[in-house]
Amino acid sequence: MIGPVAGAGTPALSSERAELRKAAEGFEAIMLRKLLASARASHFAEETPLTGGGMQQFQTMRDEHFADIAAQSGAFGFARSIEAQLAQHLPSKGDS
């Protein structure tokens with residue numbers, strides 16, 4: 001899968017921050033799936049053998065895969081924005 005590459009200059013995330021990032025990426029993927037589904041729902045083509053259930057299932061699977069890749073790579077930036085906003089509510093390392 002495509003995703004951000006951790007380099008030598010990338011600090012390790014705390015377990016809470018890593019969970020927050022994963023949740024934010026999951027939320028972005030859900031948003032993108034809904035966006036793509038809405039865009040596909042507004043089609044004007046007739047039903048043909050090539051636009052039946054099999055094609056719709058393939059398009060759904062392709063959209064889900066695209067949404068996952070886009071969320072993990074940060075292509076749209078929703079996940080990073082969500083993570084940054086919610087990270088403000090995590091306790092800092094000095095707090096216990």
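The values are calculated or read from the model by the stated rules, or taken from the named source; none is laboratory data. Computed from a predicted model, the values in this text were never measured in an experiment. Because the Cβ atoms are built from the backbone with ideal geometry, glycine has one as well, and the counts that use them run over all protein chains shown.
Worth a mention:
- Figure legend. Inter-residue proximity from the stretch 75-96: first residues more than 16 Å from residue 28 (Cα to Cα), second residues surrounded by 15 or more Cβ atoms within 10 Å (Cβ to Cβ) and modelled with pLDDT under 85, beta-carbon distance below 7 Å, spacing 6+ or different chains. No pairs are indicated.
- Evaluation of residue 76 against (1) assigned to a helix (DSSP H, G or I); (2) modelled with pLDDT of 75 or more (one fails), failing number: (1)
- Some residue of the stretch 57-65 being at pLDDT below 90 and not in a helix (DSSP H, G or I): no
- Cβ pairs under 7 Å, 6+ apart, first in the stretch 38-56 and surrounded by 10 or more Cβ atoms within 10 Å (Cβ to Cβ) and at pLDDT below 70, second outside any helix (DSSP H, G or I) and not basic (Lys, Arg): 51/45
- Restricting attention to the stretch 57-89, the residues that are on the phi < 0 side of the Ramachandran plot and surrounded by 14 or more Cβ atoms within 10 Å (Cβ to Cβ) total 21.
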